Each structure stands twice: as structure tokens, then as C-alpha cells.
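Report on the structure given below.
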Amino acid sequence: MSLDSRIPEGPLSDKWTNHKNNIRLVNPANKRNIDVIVVGTGLAGGSASATLAELGYNVKAFCYQDSPRRAHSIAAQGGINAAKNYQGDGDSVYRLFYDTIKGGDYRSREANTYRLAEVSTNIIDQCVAQGVPFARDYGGLLDNRSFGGVLVSRTFYAKGQTGQQLLLGAYSAMNRQIAKGKIQMYNRHEMLDVVKVDGKARGIIARNLVTGEIERHSAHAVVLASGGYGNVFFLSTNAMGSNVTAAWKAHRRGAYMANPCYTQIHPTCIPVHGTQQSKLTLMSESLRNDGRIWVPKKKEDAEAVRAGRLKPTAIKEEDRDYYLERRYPSFGNLVPRDVASRAAKERCDAGYGVVDNDTKEGVFLDFSSAIERYGKEEAHVKGLKNPTKEDIQRLGKNVIESKYGNLFEMYQQITDENPYETPMKIYPAVHYTMGGIWVDYNLMTTVPGLYAIGEANFSDHGANRLGASALMQGLADGYFVLPYTIGDYLADDIRTGKIPTDTPEFEEAERNVRDQIDRLVNNNGSKTVDYFHKKLGLIMWNKVGMARTKEGLNEAINEIAALREEFWKEVRIPGTAEELNQELEKAGRVADFLELGELFARDALEREESCGGHFREEYKTEEGEALRRDDEFAYVSSWEFTGKPSEAILHKEDLQFDNVELKTRSYK
Amino acid sequence: MSTAKGMKLTLKVWRQKNAESKGNLETYELEDVSPDSSFLEMLDILNDGLIQKGETPVEFDHDCREGICGSCSLYINGEPHGPGRRITTCQLHMRSFNDGDTIYVEPWRAKAFPVIKDLVVDRSAFDRIQHAGGYISVNTSGNTQDANAIPVEKENADQAFDAATCIGCGACVAACKNASASLFVSAKISQYALLPQGQVEAKDRVQNMVKQAQEEGFGPCSNTGACEIECPKGISLENIARMNREYLAASLAK
Ligand SMILES: Cc1cc2nc3c(=O)[nH]c(=O)nc-3n(C[C@H](O)[C@H](O)[C@H](O)COP(=O)(O)OP(=O)(O)OC[C@H]3O[C@@H](n4cnc5c(N)ncnc54)[C@H](O)[C@@H]3O)c2cc1C
Ligand code: SF4
Ligand code: FES
């Protein structure tokens, strides 16, 4: 099957408007006869469910948590971008588009990215109308902050809880429709298969996680909004339940997976503390505005710090290596995420890591210079003639507290160290997946009637996502794009009538799901699910993580395949399938991660270049920077499932750049 | 990080097979728990051991493990979310306990939050209260007015935000001797009452949400303030006062 991205004709800035004018619509009376399933209630799924219901469709929404409000979008901290230009600093739709394309290292589609920038302004209006309490200035107007990799202030925020506030906004819009009976909400339900009838997506099989019942649900179209798959690494900043299952089951039914190897590894997370650790915590990117990143210059100092014999504060200025400032004098500590992460890894691999964990992975994020600088400024403002050292420290700490107080508190809570007195320790962690299900301009997958939105699709961020752009994309897809484009497809279904579930297709899909569950609960193995998940995570982190080589990737492919085999022989699931059984839920997810992991590594192997979050050791400049190979690799890798990950077929969607010039990113 | 040696603990954990069965406290011994582990990681260790021994693990709700999703919900040594202040169970670390401690772990107890299994309870009553009025009736058409068209006084915006940070965990209910949901309901009422966008439907909202809370079986508020102390997000009692004013005003207007 060839890939048709269905990008509308015409100039970039007119494409979306023209498209909206030309696509088919479903009239309100007919919408009542059409059912849509939405899997996921994060920003993407929540906003889509609410809007589709408002338009008149009958929506069935699913989430695995006990309430739609708990989807992982809730955890986003920093903010959401929009080209409002409220600050009058020269922002525009074009600039947001350009920043996103460049930030993505020229591996995203121009038309999609432009549309995202275009609808971004509506998002803020919408959210404010819903009562989302964004930060405001003393004049009562909306406040903005700036984020990494850009030159304007376009990020809207609600303290460190922007994702929470936006999600509660979408949740409230859902609640209104639930109250009207237009959305039927299925909490504690997990989708375990897509059902296709005559080649079209016509329903799903879901498991009621409380009773264990396997249920058939039919609809005229199915929307996947199931989030990202960073948990293939076991340790990540994602929620414990974040998974690839919905996407992977769709992949197995014919939806292509695009660029699975594009992963964002966030530079500022709290390092791993030990083998009992279950997840990693992000420290907001905003800290890099004032924190300076360093490791000791001398290996023996690094060793002494790890052994607890030397305090970082006792290391003299000249014995510190501020490696980002050294390597990237113009951007310094504010280089993009992928660059900062790789540089930390480089130092730790060379033996300069400062954390006493198995892998000695960790670097310092130090606020002492900022405390001193702010302290002196404040003393000056307050007219203190000869401020003492203590005065300066106290005043400086107050400023830092007002800016980052909640983050410092969170850090201390987790590590039991006071970051006002001693530098924070940080290390990169898996955070976001740019890859995902392939979709066309209408957000439809390669299966007719099956759509993918939010982090679950691959569409807008290329090989690296800019900060504060995932929330924007989720809401753009759900509020403003999908509700239009889905009509074009559903226009054919106004006379179809209810889709029956007592058909061979539903039968087959249900049997498929039951077989896997039976196999898992009856397996008489001896190892826990986590045993396999942790092993998979280590392979992924060491060989398919921040720096990848041909050799390592080939090893990873073999090791993952072998681990998968062992999993099916040795895994042990306690309890039964007819009750709440979280081990069984985890097992199903890990089984899918074990397939995805292999495809992920294959995708990384096939892409013989370095771009954004994908770094191949073989393809770098003399200075160790990423080397893109536009003439050969300016395409989207889309994988078709044919039975096994090792036999997936690669389809290439060539990327055309008519409006921006391809350049090498430089942050020196 | 810390190289302190592992802790030895005795756990008394509520086990209940399903909603119908009667539960009881089971005793478990754990060795070598790192003080740097979180409370939920400690339960992971317990479960790992139980599975290895062929026993069924303890079920508990959790997802984000960073204090924001509101999934985790344990009653630890008689306190919702355990001994810490302004934190959720998932943010509690084992260094808050001593080597050799006995720790009691139970589910939220409230008529409106029936136990599903072990430590997992059904909090869907909270969702139904939100369905009764926890929204502003505006369509997501994209035709709304510009976000800066109506300025909002910073103080009101900040207070609305503070109220809006409720994570819907239910600790306030678990802490209350009447199992009242007043703090939770008032947080939503306050958020909208403080914003111009929320005014139009204010009267119906407060009446419908309060009525729904009663129907779900949550008790009345008798102002003991236990909820505010245990709330991981520091939702203030002032919100309950505001809700009561709104309720009174709505009743008088009828
Ligand atoms: C710690 C953290 C901080 C972040 N900060 C920012 C930020 O400041 N700005 C920004 O722009 N982005 C940020 N991001 C990224 C952003 O939050 C996510 O990319 C985005 O919220 C994803 O939204 P979503 O709707 O696609 O998926 P999610 O919010 O992950 O929702 C997934 C939904 O799918 C459901 N689901 C999944 N699988 C199944 C299944 N099999 N069956 C049924 N239901 C299922 C879940 O229940 C859930 O409802 C951050 C991410 C993290 C982890
Ligand atoms: S008010 Fe506090 S305790 Fe009650 S649900 Fe909200 S966050 Fe939890
Ligand atoms: S697990 Fe999300 S708040 Fe505790």
C-alpha cells in the first residue's frame, strides 16, 4: 500500500482554510446516528470526546484510570505554546511554525506543523472561556514565559501545573457532555484490540479492569488518543500505566508505525537512586535559565564525590568543568534538550559522573552563581551599602525561592538534599516519544476509519519536540482538527446504521484477546512481569538510548527477541482473569513493549544519520555534533506489520520542504 | 544517593478479595527497604515477594507517582496519605519511618467510596458530582472571544488557580468523621465563582453539586478542619466558606 499524506494543494498558509472549505460535512441530524469511540482521555482524547459530542456524535470514551481526569497529561508542568504575540515581541504563526520545524531537525511535515501553529491561538481563547486559570499579570492580562530553543515569550502557564489545569478544562467539557448523555464514559477499561469490518475500523475489544469482563464496542470510527510509549525503557517520566498497547494492537491490525525510534530524553531529571526505583521525576526545563551544569574536572574528585568523601561545594571554581558553557558558548546551559542530554552522557561515560548509583550517572545543576548574582542585585535595589556575604546569600535565595520554590521543595522531598545549599544532581531520562502511529493530514491512520491524535501519532514534532508543544498539539488535534476532518470520512456512514457486534469479525477479535489473557494467567513461569520489563528497559537504555551504534542496535534486536521468548515461557501471573488484577494488566503491556522494542531498534538501525533525538555514533561531525543526511534520509519511516517485528516492511514518505530551507542546527 | 542500610518493617495491610467479601488486616515482614524508596516502591517490593511465593499481590491505585494524578489513596497509620504534610502517598519516602516500625495500611473508609479490592476504592461518586455542574457551558467551537478580552484581577486569578489544584484524591473525605466531600466540592465551586466566566451558571452549579454530593452519601460538614490538614494540595477551608455563601445566595434567589 502506498502512503498518501493527503496534504491539500495551495500555499502553506491557505491549506487548512481551503481544506476545511472543501471537505465533506455531516449534517446535525445525521450525526445523531453516528457513533465514535475515543480511546484515551488526556488532552487529546478529552478534547476530542467533548467536541465530537458537542457536534452531535455519540461518543464512547475509554481510559484505564478510575477517572478521565487522571490521564497522564495531568503531569505536564511547564506550559503550552501559542502564537498570540501578546508580548509584542515579534511572534507570529510563521515563527512558531518555523521554530517547530527547526527544533524537529527538519523531519516533520510542513503542512501539519503550519496548521498546528495556526490553530494554537484558538486554544488559549477556548481554555480561558472554560475557566482555565492561567497565570496573569497585575493588569489582569495573561502572562507568558519563554522556553528552550526559541527567541520569543509565547508559553502560557499555570504555575508548575499547566497540564493539570488544561486537562481539568477538557475534563469539564467532557463532564458537560456526560451529563447530557452524549458521552458514555468507560473508566477502568483497557482497549485490547481494534475490530475491522470490510477493512474499516468498526470497534474495539476492551477489558473491564474491575470485573475482568471482555466487552465488544462498535462504532463508525475509532480514535486512538492513548499517549506515548516512553515506558518501553521501563524507567521514564511517564505514568506507571502509560503504554503502547492500544497503538500496538492497531499496528498489528494494519496501522503503520512511524519513526518509532524518535524519543526525547529530557536533560533535567532526578537521577536513578537504586534498583528498587519505579519511575523518574522531571525537574522543569525552566531551571536551566538559572542553574549552571557542571562535573568535576578531575576524575579523582568525581570519585571522591561519589564516595561521599568530598562535598561539591568544596570543589574550587577552577576544578569545575561547566561543559555546556565550554562546548556551546553562545547557548550555554540553554542548548536544546537533545544536545544537553548527550553532553551529560558524554561526561559520565568518561568517568566524571557524580552520583553513586550503579552506572555513576549524574551531573550537577548549580544555583550558587545565580543566588550570588540575584543577591547582589537585590542588595543594590534595597540600597544596602556594604551587604555581608550572609545578606547576599539570604536575598539571593529569596529570589530563587520565588522563581522555583515548588521545584526545590519537590527535589528535597525526593532526594533529602537541600538544593539551596548544595547543587542539585540531575541526569537525562526518557520523557516523550515523537514517533507514533502514522497519520495523514486528516489524522487518519492507514486503516480507514481509525484515527490517532496527541502523543500517540507521529505528526508534528519531527525528530525532536520543543518544550510546551505537546500540550498544544494534543488540544489542537482534539478541539480543532479531528472534529472537522473526521466528518469527511463519516459522511459515507449516514445510512449505515448501528454496527452490530455479533459478527465473525468481533468474534475473532474477542477470541484473540481471550487467548492472550488465558495464556498469560495459565503460564506456569517463575518470574515477575517487572523482571522482564526492567531487563527490556536496560537493553533499550544502553543500546537504543541516547547514543546508538550499528553494532549495539543489532545486539539489541537479538536480545529483545530472546527476552520476548523467555517472557512467554517464564512469566508468572498471580490471580485470575475475572477480577481486578494489575499484574495481568502489566503483563499485557510488557508483551507489547517487547514487540515494539524490537521494531524501535530496527528503525534506529535503518536510519543511518543523526537527527534530533536520534543519535548514531557513526554519523557525527568532527566536533561530535549530530550529522543529518538530508539527501538520503529526509523521509518518514513507516512500518507495516506482517506478523513479526523482524519482518515489518518499511514504507517511506518523502518530506518536501517548500517553505523553509534545510540548515544544520548550530548552538555554538 | 543515601548509602544508609536497608530498613526492617512490619506491615499490617488491609486485604479484601472483592466488594462483597469481608476484609482483614494481614501481617507481612519486610527486610532491607532503602530509606530512599518511596512508599509505593516499598509496596512494589512487598508484591514482588508475594508473587515469588505464589501469593496474590496487594492491589492499590497509583499512576503518576509524582503527586498530581490523584490516583494513590492510602490510609497509613491512621492518616490519609500518611504522616507527611502537603504530599500524597506516592511522594512519601521511607526515610519518614524508622527501622523496625510497624506500619498500618488501609483503604479510604467512606460509604460513598466502596472498596473494590484490597486498598482500591471506587471514587466514581466524585466524577458524578462534577457531572452535576463542574463545568462552564461553552462550546469548543473555536469561536470564543479573545482570551485577553476580559481581564481577571490577579488576586482572583491566583485564588481560582489555588482552588483548581485539587487532585480529586478523596483524602478530605477519608479524614472527615462525617465523610463529607465539602472541601472537594467547594474547590470547584470556588474556582468558577472567582472567575467572570463562571458567573452565569453559578447558582445552579452550587445547588446541583451540593445536592449530588448528598445523594452520593457524603456527610455534612461540621467544620472540624481535618480535611484541610490532610489535603495534599493545601486546599483551604476558605473555599468551604465561599461555597456556603454561594449556596445561601442561590437559595435566597429562588
Ligand atoms: C512529567 C511530564 C511533563 C511534561 N510537561 C510538558 C509541558 O510542560 N508542556 C508540554 O507541552 N508537554 C509536556 N509534556 C508532554 C505532554 O504532557 C504529553 O505529551 C501529552 O500530555 C500527551 O497527551 P495525550 O492526550 O496524547 O496522552 P495522555 O495524556 O498520556 O493520555 C493517554 C490516555 O489514554 C488512555 N489509555 C492509554 N492506553 C489505553 C488503553 N489501552 N485502553 C484504554 N485507555 C488507554 C489513558 O487512560 C489516558 O486517558 C510532559 C510530559 C511529562 C511526562
Ligand atoms: S480537596 Fe484536597 S484532599 Fe480533597 S480531593 Fe481535593 S486534593 Fe484531595
Ligand atoms: S500516583 Fe499520582 S498522585 Fe500519587
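Observations, loosely collected:
- Cβ pairs under 6 Å, 6+ apart, first in the range B:187-207 and charged (D, E, K, R), second modelled with pLDDT of 95 or more and part of a helix (DSSP H, G or I): B:LYS203/B:ALA250
- Whichever residue in the range B:115-129 is away from ligand 1 (no atom under 16 Å from the Cβ) and among the acidic types (Asp, Glu) and, among such residues, is nearest to B:ARG15 (Cα to Cα): B:ASP118
- Where B:GLY100 falls short, out of the listed (1) away from ligand 1 (no atom under 16 Å from the Cβ); (2) more than 25 Å from A:TYR411 (Cβ to Cβ); (3) surrounded by 24 or more Cβ atoms within 10 Å (Cβ to Cβ): (3)
Residue by residue, here is whether (1) within 8 Å of another protein chain (Cβ to nearest Cβ); (2) out of contact with any Gly (no Cβ under 6 Å at 6 or more places or on another chain) holds:
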| residue | (1), (2) |
| --- | --- |
| B:ALA149 | no, yes |
| B:VAL152 | yes, no |
| B:ALA163 | no, yes |
| B:ILE167 | yes, no |
| B:LYS177 | no, yes |
| B:SER180 | no, no |
| B:VAL185 | no, yes |
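- Only listed residue being within 15 Å of ligand 1 (Cβ to nearest atom) and either more than 9 Å from chain B (Cβ to nearest Cβ) or assigned to a helix (DSSP H, G or I) (or both), chosen from A:PHE134, A:PHE147: A:PHE147
- All of A:GLY79, A:GLY104, A:GLY42 fail the test of being more than 9 Å from ligand 1 (Cβ to nearest atom) and in contact with a Gly (Cβ under 9 Å, 6 or more places away or on another chain), apart from A:GLY104.
- Residue within the range B:157-169 that is in contact with a helix residue (DSSP H, G or I) (Cβ under 8 Å, 6 or more places away or on another chain) and surrounded by fewer than 17 Cβ atoms within 10 Å (Cβ to Cβ) present: no
- Looking only at residues of the range A:445-461 that are hydroxyl-bearing (Ser, Thr, Tyr) and at pLDDT 95 or above, we find that the one that is surrounded by the fewest Cβ atoms within 10 Å (Cβ to Cβ) is A:THR446.
- Subset of the range A:281-305 (residues that are at pLDDT 95 or above and in contact with an Asp or Glu (Cβ under 9 Å, 6 or more places away or on another chain)): A:ARG292, A:ILE293, A:TRP294, A:VAL295, A:PRO296, A:LYS297, A:LYS298, A:ASP301, A:VAL305
- Residues being more than 13 Å from ligand 3 (Cβ to nearest atom), at the interface with another protein chain (Cβ under 7 Å from one of its Cβ atoms) and in contact with an Asp or Glu (Cβ under 7 Å, 6 or more places away or on another chain) - total across the range B:52-84: 2
- The set of residues from the range A:67-94 being facing chain B (nearest Cβ under 8 Å), among the hydroxyl-bearing types (Ser, Thr, Tyr) and more than 16 Å from ligand 3 (Cβ to nearest atom) comprises just one member, A:TYR86.
- Complete set of residues in the range A:250-303 that are under 19 Å from A:HIS431 (Cα atoms), outside any helix (DSSP H, G or I) and among the polar types (S, T, N, Q): A:ASN259, A:THR263, A:GLN264, A:THR268, A:GLN277, A:SER278, A:THR281, A:SER284
- Per the conditions (1) within 14 Å of another protein chain (Cβ to nearest Cβ); (2) in contact with a Lys or Arg (Cβ under 6 Å, 6 or more places away or on another chain); (3) of a type outside the set (S, T, N, Q), the sole criterion not satisfied by A:LEU334 is (1).
- If you go through the range B:29-69 and keep only what is surrounded by fewer than 17 Cβ atoms within 10 Å (Cβ to Cβ) and either in a strand (DSSP E or B) or in the same structural domain as B:PRO232 (by TED's automatic domain parsing) (or both), you end up with B:GLU29, B:GLU31, B:ASP32.
- Within the span defined as the range A:434-444, every residue fails to be within 14 Å of chain B (Cβ to nearest Cβ) and at negative phi.
- One residue stands out among those in the range B:111-147 that are acidic (Asp, Glu) and closer than 30 Å to B:CYS72 by Cβ: the one that is nearest to the other protein chains (Cβ to nearest Cβ), which is B:ASP127.
Table: residues versus (1) away from ligand 1 (no atom under 16 Å from the Cβ); (2) assigned by TED's automatic domain parsing to the domain that holds B:CYS227.
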residue: B:VAL105; (1), (2): yes, no
residue: B:GLY134; (1), (2): yes, yes
residue: B:SER141; (1), (2): yes, yes
residue: B:GLN145; (1), (2): yes, yes
residue: B:ILE167; (1), (2): no, yes
residue: B:ASN178; (1), (2): yes, yes
residue: B:ASP204; (1), (2): yes, yes
residue: B:GLN214; (1), (2): yes, yes
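- Here B:PHE161 meets each of (1) assigned to a helix (DSSP H, G or I); (2) under 26 Å from B:PRO220 (Cβ atoms); (3) more than 16 Å from ligand 3 (Cβ to nearest atom) with one exception, condition (2).
- Looking only at residues in the range B:122-155 that are modelled with pLDDT of 95 or more and not in a loop (DSSP other than H, G, I, E, B), the one that is nearest to ligand 3 (Cβ to nearest atom) is B:PHE126.
- Criterion violated by A:ASN464 - all others in (1) within 14 Å of another protein chain (Cβ to nearest Cβ); (2) surrounded by 19 or more Cβ atoms within 10 Å (Cβ to Cβ); (3) of a type outside the set (Lys, Arg); (4) touching a Gly at 6+ places or on another chain (Cβ under 7 Å) satisfied: (1)
- Members of the range A:198-214 found to be assigned to a strand (DSSP E or B) and of a type in the set (A, V, I, L, M, F, W, C), listed by number: A:ALA201, A:ILE204, A:ILE205, A:ALA206, A:ILE214
- Residue selection: A:ARG109 fails the criterion of being of a type in the set (Lys, Arg) and either farther than 30 Å from A:TYR667 by Cα or more than 24 Å from the chain's Cα centre (by Cα) (or both).
- Where a residue in the range B:224-238 is over 17 Å from B:ARG109 (Cβ atoms) and its partner, wherever it lies, is of a type in the set (S, T, N, Q) and in a loop (DSSP other than H, G, I, E, B), with Cβ under 8 Å and at least six apart: B:GLU228/B:SER236; B:PRO232/B:THR88; B:LYS233/B:THR165; B:ILE235/B:THR165; B:LEU237/B:ASN223
- Residue match in the range A:545-554 (condition: polar (S, T, N, Q) and in contact with a Gly (Cβ under 8 Å, 6 or more places away or on another chain)): no
- Taking (1) closer than 17 Å to A:LEU167 by Cβ; (2) aliphatic (A, V, I, L, M); (3) more than 19 Å from the chain's Cα centre (by Cα) in turn, A:ILE80 satisfies each apart from (3).
- Residue within the range B:24-37 that is within 16 Å of ligand 3 (Cβ to nearest atom) and touching a residue at least 24 places away in the same chain (Cβ under 8 Å) present: yes
- Restricting the first member to the range A:133-154 and to residues that are farther than 18 Å from B:ALA147 by Cβ, and the second to residues that are aliphatic (A, V, I, L, M) and surrounded by fewer than 19 Cβ atoms within 10 Å (Cβ to Cβ), the beta-carbon pairs closer than 9 Å and six or more apart or on different chains are A:GLY148/A:LEU334; A:GLY149/A:LEU334.
The values are calculated or read from the model by the stated rules, or taken from the named source; none is laboratory data. The shown structure was predicted, so the numbers you read here are calculated from the model rather than taken from an experiment. For neighbour counting, all protein chains shown are included, and Cβ atoms are generated from backbone atoms with ideal geometry for every residue, glycine included.
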